[in-house]
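**Student:** The structure that follows is given in the form of structure tokens.
The values are calculated or read from the model by the stated rules, or taken from the named source; none is laboratory data. These numbers come from a predicted model, not from an experiment. Cβ coordinates were reconstructed from backbone atoms using ideal geometry, including for glycine residues, and neighbour counts include every protein chain displayed. Only protein heavy atoms, including side chains, enter the accessible area calculation; ligands, DNA and RNA are left aside. Shrake-Rupley method; radii C 1.70, N 1.55, O 1.52, S 1.80 Å.
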Amino acid sequence: MSVDVANVLNLVLAGVLTGLVYGLMALGLSVIFGVVRVVNFAHGEMMTIAMYATVMLFTALNLDPFLAVFPVAAGFFVFGYLLQAGLINPFVTRPEHTQFMLLVALAMILVNLLLMIFGPDARNVQLDYLLESIELGPLLIDRGKLYAALVACATAAAFFLFFKYALLGKAIRACADNYLGGKVVGLNVKRLYALTFGLGSACLAVAGCMMVLLVDVTPVLGPSYTLLAFVIVIVGGLGSMAGALLGGVLIGVSEALAGLYFTPSAKSMFSFALLILVLLFRPQGLLGKRP
Amino acid sequence: MTIVKEKTIGAGGADTGRRKFIAGLGASAAVVSSGVLMRPAWAQTGKLKVGVLLPRSGVQGIIGQSCQKGADLAPAVIRQMLGVDVELMNADTETNVDTARTRAERLIQEGAQVLVGPFDSGAASAIAQVCEQRGVPFVINIAAAPQITEQGYKFVFRNFPTSPELVTNGLALIRDLFQATKTAPRTAVFMHVNDTFGQANAKAIGAILPRLNFLPFKLVETMSYDPAAKDLTVEVSKAKATKADFLLLVCRLNDAIILRREMVKQRWHPMGIISPGSPGMYESQFYQALGKLSEYCISNVPWYHPKAELTRLVDAAFRKQNPKDQLMFHALNVGYTVEAILVAADAYKRAKTASARPLTEAIRQTNITKRMMLGGPIKFNAKGQVEGNLSACIQNLNMKPAVVLPAETAEAKPVFPVPDYRRA
């Protein structure tokens, strides 16, 4: 089948832009796991709440999702902090299956709460610019996706700088590297864990605000995004911030190309094929460290 | 209910204790002394318990809720028409075949005497198997996969066109559309959802289209997509690259909304979007979500007769229950759901019992001539299928569905090729 080059370029670009937002979503999961060593099985469901919050702010106050990022991220920081401090901290030292059950239960509660509150209808934000594209020679760039990807890059950069240079970021990394060592030097590890969960949740909230620009939100969206986030962080490397972004881009592009060259309805299959390849040949992920 | 009690006693007789046995005996004696067993089931409750299975949540949630509006108003309309009391037992299939199966089993356990639903071919196949095993009649409101009534089932009935009928009617209306607008598109790209319904339609189009020499176009590409897709960038890009004159689309609701938006983003303006017989583009949510982008989409689907007596009754009941809504946005869903419950109630009235076998036999003998939807009388053939359901060509004009063909029932003239959405 002949496929023209412009079409391929357009799809690769669309895959990269979407993948960056996916990557930001997975970054939240990676940050939380990298420090707290708890796998957030309610990740997609929490992002769905952020998406609903964005839609509600737009509907009630006509607040653009790019501005809604600030209140939603702040709210999620507090939510994440309280969740870790109040619910998850007692489970940190318990067996992994109890953590798993706790967060799966939380995920199910969140999905059902959303169904009760919002019903099954798909909701979205209706902004004129979301239907516009920027023409650059043969390229047609979706404005919504472009802006969302730029915000994803900026947020990821901010997180990277925070963890690399800020004193608090360094303290969090110290806890992640050595739990006992952190305690010995006087760090309040539990509080730092809660802060990390708050930061990861805020990151997720930003991803949710941007995701609203790409897809309609329904209560049942969560589980598929939880799964997607897992695929991305495993491909990129669990605990690696750059790996999460790389994983997102790879998944976005592979889905786009698989849809183009094979059948679109089977495009997700290629993400999982990529996952299996990574697990076989580089189990720590593309940018992950060997344990 | 009596049967259930008898089964409980019988099953427990060998291994239950004396106390349980005496309690069961006492319960039976109470039932007998109350005279319940002496009376026919018709007089026993005076109500037909109809289990309604619909996808009220999940991907098809909005359409399921639309069908539910029809189910909710049916008891009052039927009481007015037939003097029969219907009790609804509602269940949500959650747009999931396995859930549909378990909900069907549960409804039967809870005493449903007939099942109605479920707006989905996959779910309908699963429920049909349950009903056959349990010997409970099942009247399908909406589901088009032909195999459902090709299995030799004895308890399954369908008053809805099969995919080949839908496609045949839909393609004939496409011919009429081209004739009415004096156009002759040469190529089409065919996109369809990759579920039981979409596959059945694709198969029907693949089989029927090559045989129709009255249609001027050929399919340049056929592609399926996930009905739960969140993003259709690739699909639309691929379709656009074919440079086809128009888009032939078998869709659901959410995917139709996503697809239409993506077409605008990718600046793809074919001569039109035509569905040969699928839901989605005439639903109220389609208009709400897309605004002016919903304009001019065409669906060749079964539709209601605007002047039928039953339509008048249903419309009045609909307005009473949904003062802010209009029947036209739920026409197919409400119409066929009401008719499915009507079939069950009509049979119950004639059978004078809700017992499964006589009720099933009465359904088989159905002959309802005064109906709401376009087509001949509701009369089941040996396979349990109603033949002769008709379609109309519906075009979105001024943010609502308007009948544009056939000419004798048309409310407006068809517009094809459609103008660019920016001038809509």
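**Student:** Among the numbered criteria (1) within 14 Å of another protein chain (Cβ to nearest Cβ); (2) outside any strand (DSSP E or B), which one does A:M101 miss?
**Tutor:** Of (1) within 14 Å of another protein chain (Cβ to nearest Cβ); (2) outside any strand (DSSP E or B), only one is false for A:M101: (1).
**Student:** Now a separate question. Using the structure shown, decide if B:T93 is polar (S, T, N, Q) and touching a strand residue (DSSP E or B) at 6+ places or on another chain (Cβ under 9 Å).
**Tutor:** Yes, satisfied.
**Student:** If you go through the range B:224-235, how many residues are modelled with pLDDT of 90 or more and within 24 Å of the chain's Cα centre (by Cα)?
**Tutor:** 2
**Student:** A further question follows. Select from the range A:132-190 the residues that are within 14 Å of another protein chain (Cβ to nearest Cβ) and open to solvent by 50 Å² or more (accessible area, probe 1.4 Å) and write down the one among them that is nearest to the chain's Cα centre (by Cα).
**Tutor:** Among them, the one singled out is A:Y147.
**Student:** If I ask for residues that are of a type in the set (S, T, N, Q) and touching a helix residue (DSSP H, G or I) at 6+ places or on another chain (Cβ under 8 Å), which ones from the range A:226-282 would you list?
**Tutor:** A:T226, A:S240, A:S254, A:S268, A:S271
**Student:** Out of the range A:18-52, which residues are open to solvent by 20 Å² or more (accessible area, probe 1.4 Å) and either farther than 19 Å from A:P223 by Cβ or within 13 Å of another protein chain (Cβ to nearest Cβ) (or both)?
**Tutor:** Matches in the range A:18-52: A:L20, A:Y22, A:R37.
**Student:** Another question about this same structure. For residues that are open to solvent by less than 50 Å² (accessible area, probe 1.4 Å) and of a type in the set (S, T, Y), tally how many sit in the range A:79-124.
**Tutor:** So the answer is 1.
**Student:** Identify the single condition in (1) within 12 Å of chain A (Cβ to nearest Cβ); (2) in contact with a Ser or Thr (Cβ under 9 Å, 6 or more places away or on another chain); (3) more than 16 Å from B:E221 (Cα to Cα); (4) in contact (Cβ under 8 Å) with a residue 24 or more places away in the chain that B:Q288 does not satisfy, given that it satisfies every other one.
**Tutor:** (4)
**Student:** Does A:Y147 satisfy the condition of being under 16 Å from A:L20 (Cβ atoms) and of a type in the set (F, W, Y)?
**Tutor:** yes
**Student:** Which condition does A:L82 not pass, out of (1) away from chain B (no Cβ under 13 Å); (2) of a type outside the set (K, R); (3) within 30 Å of B:M263 (Cβ to Cβ), if it passes all the others?
**Tutor:** Unmet condition: (3).
**Student:** Here is a follow-up. Under 9 Å by Cβ, and 6 or more places apart or on different chains, what pairs join a residue from the range B:109-130 that is farther than 24 Å from B:S355 by Cβ with one that is surrounded by fewer than 23 Cβ atoms within 10 Å (Cβ to Cβ) and aliphatic (A, V, I, L, M)?
**Tutor:** If the second residue must be surrounded by fewer than 23 Cβ atoms within 10 Å (Cβ to Cβ) and aliphatic (A, V, I, L, M), the pairs left are B:D120/B:V97; B:G122/B:V97; B:A123/B:V97; B:S125/B:V97; B:A126/B:V97.
**Student:** Exactly one condition in (1) part of a loop (DSSP other than H, G, I, E, B); (2) within 11 Å of chain B (Cβ to nearest Cβ) is not met by A:K267; state its number.
**Tutor:** Condition not satisfied by A:K267: (1).
**Student:** Right, something else. Please list, ordered by first then second residue, the pairs with beta carbon atoms under 9 Å, 6 or more apart or interchain, first in the range A:25-50 and within 19 Å of A:F160 (Cα to Cα) and at pLDDT below 95, second in a loop (DSSP other than H, G, I, E, B) and open to solvent by less than 10 Å² (accessible area, probe 1.4 Å).
**Tutor:** Going by the 9 Å Cβ cut-off, the qualifying pairs are A:G28/A:N40; A:L29/A:N40; A:S30/A:G237; A:I32/A:V38; A:I32/A:N40; A:F33/A:N40.
**Student:** Tell me the residue from A:G243, A:G288, A:G237 that is within 17 Å of the chain's Cα centre (by Cα) and at negative phi, please.
**Tutor:** A:G243
**Student:** Regarding the range A:110-118, can at least one residue be identified that is within 11 Å of chain B (Cβ to nearest Cβ), under 22 Å from A:A207 (Cα atoms) and either in contact with a Leu (Cβ under 7 Å, 6 or more places away or on another chain) or not in a helix (DSSP H, G or I) (or both)?
**Tutor:** Checked the range A:110-118: no residue is within 11 Å of chain B (Cβ to nearest Cβ), under 22 Å from A:A207 (Cα atoms) and either in contact with a Leu (Cβ under 7 Å, 6 or more places away or on another chain) or not in a helix (DSSP H, G or I) (or both).
**Student:** May I pose another question? When the residues of the range A:60-74 are narrowed to those that are open to solvent by 40 Å² or more (accessible area, probe 1.4 Å) and in contact (Cβ under 8 Å) with a residue 12 or more places away in the chain, which ends up nearest to A:A42 (Cα to Cα)?
**Tutor:** A:A74
**Student:** When you scan the range B:308-410 for helices (runs of 4 or more DSSP H) that lie fully inside it, which ones turn up with 3 or more residues that are open to solvent by 60 Å² or more (accessible area, probe 1.4 Å)? Let's see the steps before the verdict.
**Tutor:** On the way: elements: B:309-321, B:331-351, B:356-364.
So the answer is B:309-321, B:356-364.
**Student:** How many of the residues in the range B:234-290 are in contact with a Gly (Cβ under 6 Å, 6 or more places away or on another chain) and either surrounded by fewer than 24 Cβ atoms within 10 Å (Cβ to Cβ) or not small (G, A, S) (or both)?
**Tutor:** Number of matching residues: 7.
**Student:** Check B:R134, B:R186, B:R158 and return the single one that is open to solvent by less than 50 Å² (accessible area, probe 1.4 Å) and among the basic types (K, R). So that I can check it myself, show each step before the final result.
**Tutor:** Working: B:R134 fails: open to solvent by less than 50 Å² (accessible area, probe 1.4 Å); B:R186 fails: open to solvent by less than 50 Å² (accessible area, probe 1.4 Å).
Every option except B:R158 fails the conditions.
**Student:** State whether one or more residues within the range A:191-198 are more than 14 Å from chain B (Cβ to nearest Cβ), of a type outside the set (F, W, Y), on the phi < 0 side of the Ramachandran plot and surrounded by fewer than 18 Cβ atoms within 10 Å (Cβ to Cβ).
**Tutor:** yes
**Student:** Within the range B:53-93, can you find the residues that are open to solvent by 20 Å² or more (accessible area, probe 1.4 Å) and either under 17 Å from B:F197 (Cβ atoms) or more than 16 Å from the chain's Cα centre (by Cα) (or both)?
**Tutor:** Once the filter is applied, which keeps residues that are open to solvent by 20 Å² or more (accessible area, probe 1.4 Å) and either under 17 Å from B:F197 (Cβ atoms) or more than 16 Å from the chain's Cα centre (by Cα) (or both), the range B:53-93 yields B:V59, B:I62, B:A76, B:R79, B:Q80, B:M81, B:L82, B:G83, B:D85, B:E87, B:L88, B:M89.
**Student:** Between A:L221, A:L238, which is crowded, with 22+ Cβ neighbours inside 10 Å and touching a Ser or Thr at 6+ places or on another chain (Cβ under 6 Å)?
**Tutor:** On inspection, the qualifying residue turns out to be A:L221.
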